[in-house]
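The values are calculated or read from the model by the stated rules, or taken from the named source; none is laboratory data. Just so we're clear, the structure is a prediction, and the values are computed from it rather than from any experiment. Methodologically, a virtual Cβ is constructed for each residue, glycine included, from the backbone with ideal geometry; neighbour enumeration extends over all protein chains shown. With ligands, DNA and RNA removed, areas are computed over all heavy atoms of the protein, side chains included. Shrake-Rupley method; radii C 1.70, N 1.55, O 1.52, S 1.80 Å.
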Amino acid sequence: MDIEVRTLAGNVLGKFLLDASASVLELKQLIAESDGPLPEFQKLICGETILRDEQPIVQVAAAASSDSQLLVNLAIPDFEIDPGSQIEVQWQVEAGSDDFLENLLFHKSSDDEQEWKYGKRGWTMSPDSSYDNSEVFCVGMDPNSGLLLLTHWDDWVGSRALLLPSVGAGYEVSVDGGDPLERAFEIHVMQEKSFSVPVGVAVALARKEDEEAFYDDIAGGPVLSSNASLINIIFAPGFLTTSSLCHDGDVQFEAVCLDRSVFPPRAICAERHADGKHHVNMRQCPGKVEELFPITSPGHSKRITSIVWVAAKTSSSVLFTVAGSHTISIYRNTGEGWQSVAVVGGSRGCQDGPLDQCLFWFPCPELRLLQHDSQPLITGQDGTVFVYSGGVLMKLASDLTSANKVASMRHELWLTEGDEGTPEFPTIHGAYGVYEGKIYRSILQSFGGGGWLIRRLQASALLRAPRQTIRRTAPKLWPNITEHKVFDRNDPDPEAAKPICGGREVSERPVKYNEEDRDRWDGDCRWIWDPYLWEGAEQPAKSEGKRGTDKGKGKISDKGDGKGKDAHEGKGKGGTTKGKGKGKGVDEGKGKGGTDKGRGKDEGKGKGKSKGKGKDKGKGADKGEGKGGTDKGKGKSKGADEAEVKGGTIKGISQGKDADKGNSKGGTDKGKGEGQGVGKGKEKGNREEKGKGKDRGKGKDKGKGTTKDRPRWRPKEA
C-alpha cells in the first residue's frame, strides 16, 4: 500500500510502500530512515485519529476508507527545556594560556543563586544549583556539533545525564537506578539537527551488570577482566531511554564508533564471539544486524583498541587498531565484499607523509581501562579521522592516502601552573573528539583539588614547538612537572614555581622531549621506561628504586667490588636501610621490594631483575630472601646487625661477634655497642606495601653505588 506522509503544515515528507500487514511502527522507522525524526518522537495522525505503534496499516486504511493510497500527517514535536532542568554552558579561557586552552563551566539555575561549577578548588557545594564534578564518570561527544553527554551521580538525586551543547543552554535528564547508562565508560553521540535543542542518539560501551572492575597497578587504573555490552541511548528534554543493541550474552564488544552519514546513526562494532574470533558488524535499533567481515589476519587475537568508519560515495572503509601492535588495519568494501586492503605502520616511530611510509607508536596495557584507555583512532568533524600516535595527533587524508601531523598531544599542554593540587597536578585522560580545530579531553584532579575537568586545546603549530618557545607566548601553559605530578624542585630556572609540598623524589623522566623531538612522547609516565623513549635520550645517572619489581619469586643478583668479609641481610618492607656496625658476625633478614646500595652481593627470591654497579671499599656477600629487591654494593664490614622493620626506624650498633636484633612497626628501636667492622647500604623500594623505614648506625665504612634497575613493566617489542 502507498502511504504519503505530510507535516501538519502540508509539506510532503515522502511516499512509502508498505505491505498491508505492516504496523504503524514500521512506517515510523521508514520515516526516520528518510531523515525524519526518530520513531520515539513521531506522532502520526490519520484524519482525526492518532495512530498507535502496534496498529496494522490495513486497519488504518479501512478506517480511512482507502484501498490504494493512505494520507498520514506527521506531527513533529517542538521540544522545550524545562527551566528546572536547564543548564547554562560557558567555555572559559585559562589564564596565561594565550587563548589556546579553554575550560568547561556549567551551572544549573535556581531561584536563590547561580554557581559556576567545574571542579576547581574554592567552590561551594550547593545540591540545588550546582554539580560535584568528582562524580562525573563518563563523557561522550558529537564531533559534528560539539555536543557533550556526561553521566553524573549525585547523592541527593541519584544518576543523571547532562546534555551540554557547545553554544546555548543544555539540560539534565534523570537516569533510573540500575540503568546500564550508570555503568557506561565510553559514549559516542550524534545530535539530530532538525531541533533547536539537543535531541539525538548515542551508543555506549558499558560494564556488564555482574562484572566488577578491579584496580591494576601496572595499567594505572580500574580495568575490566572481560569486555563490555553495547547499549543504545535516545535523548531529548525530559526524555531518555536506553536499550540493548545485542541480546547475545556470548558477544563481547571491544570497540565501537558511529556511522554519522545517516540518521539514526549505525553502530560499527568490533566484537569477539564465543569462538574467540573477531568480527566487525553494523548494528542499529531495533535489533538490526549486518555482518560486515571477520578479522582473519594473523596476530589479531588481542583486543581491538579503537575503530572508525570512513563513509564514501563509492565505497566505505573501516580502520582499527590492535593492542600490542603499532599498525592501522584498513578494510574496504570494494563492491565485491569487504577486503583487507592495507596494514599501515610496523615498527615503532612517528612518521607522517604517504600512508605506506607512516610509522606510529600506540602504547597500550593488556587489559581494557575504564577511564584511561588507549584509543589511537579519533573521529573529527564530517568523518575526518585523526591518529593519536606517541606525542602527536595526525590527520588522515579523506582518501586515506597520507597523514599529516597537526597538533601536539603533550599532556602538560592541558594544564597551567594554576592547576597545582595538594600536592599533585591532575591526571590527563584520553582524547574523545576534535571539533572546530579543538581537541577535547578530560582531566581528573586529586587530593582534594576538585574533580573532573573537561578542556579543549586549540590545534596549533606553535604548540608543537619546544617548551621554551611556547612559554614565551603562553607563560602559564605547560608547568614543569615531574612524573610524580608535582613541580620540579630542581628546575634550572630560578624563577620557576616550586611545589607546595613534596617534590623531593628524584625525577627520571626523559626531559629531552621538552625541547627536542617533541612528537615522540605525550608525557604519559605509564610508558616512561619503554626503551623506545630512551633512544637518543640521556639515561638517568641514578635510580632510586622506582624501577624495581616486587612480584612473585625469582633470583636477583648484584655485583660489587671491595674489601671486607661479611654477609649482610636486612628485613624491611618498602623502606630505606642504612647501617654501619662494628663486629664479627652475620646480619640477616628479609626484604621486600627494595634496593640496597652499598657494597656486596645480594641474591634473593623475587620477581624482577635488577642490575647495578656499586663503588665501595669492601668485599662481601649479602644474601637475602625477598621479593623484587636488589642489593648491590661494596662494604667493608665484620659485624652483624639483624632487624625487622615495617614502616618505622631502627638504629643500632652491635658489639663483637654477636647480633643486635629489633622488631619495630612504625616506631623507633635504638641500641648502641662496639664492634670491628663497618658497612653502609640503602634499601628503597616502590611496591604495593606502603611503608618507609630507616635503619641507621654508626661505623667507618662508607660506600656509594649506582643502581640501574629494570622497569616494573616493559612493553613487548612490536
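Quick notes
- Residue match in the range 534-548 (condition: at pLDDT 85 or above and within 24 Å of the chain's Cα centre (by Cα)): yes
- The range 469-484, subset at pLDDT 95 or above and of a type in the set (S, T, N, Q), residue nearest to residue 146 (Cα to Cα): 473
- Sole exception among (1) assigned to a loop (DSSP other than H, G, I, E, B); (2) open to solvent by 50 Å² or more (accessible area, probe 1.4 Å) for residue 372, by number: (2)
- Counted residues, the range 174-194 - those being under 26 Å from the mean Cα position of the chain (by Cα) and open to solvent by less than 30 Å² (accessible area, probe 1.4 Å): 9
- Every residue from the range 239-259 that is in a loop (DSSP other than H, G, I, E, B), open to solvent by less than 50 Å² (accessible area, probe 1.4 Å) and either in contact (Cβ under 8 Å) with a residue 24 or more places away in the chain or closer than 29 Å to residue 174 by Cβ (or both): 245, 246
- Subset of the range 402-425 (residues that are assigned to a loop (DSSP other than H, G, I, E, B), of a type outside the set (Lys, Arg) and modelled with pLDDT of 90 or more): 409, 415, 425
- Check on residue 324, under 28 Å from the mean Cα position of the chain (by Cα) and on the phi > 0 side of the Ramachandran plot: yes
- Taken over the range 26-47, the criterion of being within 44 Å of the chain's Cα centre (by Cα) and either surrounded by fewer than 16 Cβ atoms within 10 Å (Cβ to Cβ) or of a type in the set (D, E, K, R) (or both) is satisfied by 26, 28, 33, 34, 35, 40, 43.
- Single residue of 13, 17 found to be crowded, with 17+ Cβ neighbours inside 10 Å and not β-branched (Val, Ile, Thr): 13
- Any pair with Cβ under 9 angstrom, 6 or more apart, that starts in the range 276-292 at a residue that is at pLDDT 90 or above and ends at one that is in a loop (DSSP other than H, G, I, E, B) and open to solvent by 40 Å² or more (accessible area, probe 1.4 Å): 278/296; 278/301; 279/273
- Complete set of residues in the range 471-506 that are touching a strand residue (DSSP E or B) at 6+ places or on another chain (Cβ under 9 Å) and of a type in the set (S, T, N, Q): 480
- Only listed residue being part of a loop (DSSP other than H, G, I, E, B), open to solvent by 20 Å² or more (accessible area, probe 1.4 Å) and out of contact with any helix residue (DSSP H, G or I) (no Cβ under 7 Å at 6 or more places or on another chain), chosen from 471, 526, 520, 504: 504
- Qualifying residue in the range 328-344 (condition: hydrophobic (A, V, I, L, M, F, W, C) and assigned to a loop (DSSP other than H, G, I, E, B)): no
- Filtered residues of the range 151-163 (kept if surrounded by 23 or more Cβ atoms within 10 Å (Cβ to Cβ), in contact (Cβ under 8 Å) with a residue 60 or more places away in the chain and touching a Gly at 6+ places or on another chain (Cβ under 9 Å)): 163
- Within the option set 394, 409, being open to solvent by less than 10 Å² (accessible area, probe 1.4 Å) and either closer than 20 Å to residue 354 by Cα or touching a Pro at 6+ places or on another chain (Cβ under 6 Å) (or both) holds for one residue only, 394.
- Residue that is open to solvent by 10 Å² or more (accessible area, probe 1.4 Å), of a type in the set (D, E, K, R) and either within 30 Å of residue 480 (Cα to Cα) or assigned to a loop (DSSP other than H, G, I, E, B) (or both), where the choices are 356, 382, 399: 399
- Going through (1) in contact (Cβ under 8 Å) with a residue 40 or more places away in the chain; (2) part of a strand (DSSP E or B) one by one, residue 443 falls short only on (1).
- Taking the listed residues 314, 321, the one that is modelled with pLDDT under 90 and under 27 Å from residue 402 (Cα atoms) is 314, with no other qualifying.
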